[in-house]
Amino acid sequence: MAERLKILAINGPNLNMLGTREPEIYGAQTLADIEARCRSICEEGGAELEWMQSNSEAEIVSLVQQAAGNADWIVINAAGLTHVSVPLRDALALYPGRKIEIHLSNVHKRESFRDHSMISAVVDGVVLGFGAMSYVMAIRGILEMVRES
Ligand code: DQA
């Protein structure tokens, strides 16, 4: 039997505050709500989902390093680290699996410092601006791509 596809979702700093954090930008759903939605999509699609959140850059870099050989895809909302983290970019560049960057908000429509992503150049795809649906779209997209391959 083929091994189950494994997706690792990594959520960066302050995403644990979703629900109360600037709901006019990020929406009313909590991270647990988004996780539940993604879990049910993965279960339906026969994939395994590992879901992590950390406020620590070091911890997130370690998670990406440990994903090599343990996860087939990374879906990452690096939050504020997106715009500043060379260590995260380097870790993602090393990761041999496929990786998708996501954001709830359209970062290009906001403050100019959010316009640049340190990680976009080392990922396979980017989904942004659809709120919680950005996560759903990324996961559904992965499942469909794998099904078609
Ligand atoms: C974010 C956008 C980032 O600029 C911000 O720092 C976040 C969330 C988003 O999902 O829209 O924390 O990644």
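The values are calculated or read from the model by the stated rules, or taken from the named source; none is laboratory data. Everything numeric here is computed off the predicted structure, so don't read it as measured data. Glycine also receives a Cβ, built like all others from the backbone with ideal geometry; neighbour counts cover every protein chain displayed.
Going through segment 92-111 one residue at a time, which ones are more than 8 Å from the ligand (Cβ to nearest atom), closer than 19 Å to Lys6 by Cα and in contact with a Leu (Cβ under 9 Å, 6 or more places away or on another chain)?
Gly97, Lys99, Glu101
Kindly indicate the residue of segment 81-91 that is of a type outside the set (Asp, Glu) and closer than 18 Å to Asp124 by Cβ and also nearest to the ligand (Cβ to nearest atom) among those meeting that condition.
Once the filter is applied, the top-ranked residue is Thr82.
With the structure loaded, tell me whether Ala91 is of a type in the set (A, V, I, L, M, F, W, C), in a loop (DSSP other than H, G, I, E, B) and surrounded by 20 or more Cβ atoms within 10 Å (Cβ to Cβ) or whether it fails that test. Give the steps one after another, and end with the answer.
Working: of a type in the set (A, V, I, L, M, F, W, C): yes; in a loop (DSSP other than H, G, I, E, B): no; surrounded by 20 or more Cβ atoms within 10 Å (Cβ to Cβ): yes.
No: the conditions fail for Ala91.
What tally of residues in segment 19-43 results from selecting those that are free of Cβ contacts under 8 Å to residues at least 60 places away in the same chain and within 13 Å of the ligand (Cβ to nearest atom)? Can you show your working first?
So in segment 19-43, the residues free of Cβ contacts under 8 Å to residues at least 60 places away in the same chain come out as 19-24, 28, 30-32, 35-36, 39-40, 43.
Adding the requirement that they be within 13 Å of the ligand (Cβ to nearest atom) leaves 21-24, 31.
Residues that pass the stated criteria total 5.
Residues of segment 112-126 being within 13 Å of the ligand (Cβ to nearest atom) and either in a loop (DSSP other than H, G, I, E, B) or touching a Pro at 6+ places or on another chain (Cβ under 8 Å) (or both), which ones?
Asp115, His116, Ser117, Met118, Ile119
Among the candidates Ile119, Ile139, which residue alone is among the β-branched types (Val, Ile, Thr), within 20 Å of Glu35 (Cα to Cα) and either at pLDDT 95 or above or in contact with a strand residue (DSSP E or B) (Cβ under 7 Å, 6 or more places away or on another chain) (or both)?
Ile139
Given the residues Ala67, Ala71, Ala78, which is the only one that is modelled with pLDDT of 95 or more, buried (at least 22 other Cβ atoms within 10 Å of the Cβ) and near the ligand (Cβ under 9 Å from one of its atoms)?
Ala78
Pairs please, first residue from segment 67-91 and over 16 Å from Glu57 (Cβ atoms) and of a type in the set (Ser, Thr, Tyr), second anywhere and modelled with pLDDT of 95 or more and within 16 Å of the ligand (Cβ to nearest atom), Cβ atoms under 8 Å, 6+ apart in sequence or on different chains.
Once the first residue is over 16 Å from Glu57 (Cβ atoms) and of a type in the set (Ser, Thr, Tyr) and sits in segment 67-91, no partner that is modelled with pLDDT of 95 or more and within 16 Å of the ligand (Cβ to nearest atom) comes close enough.
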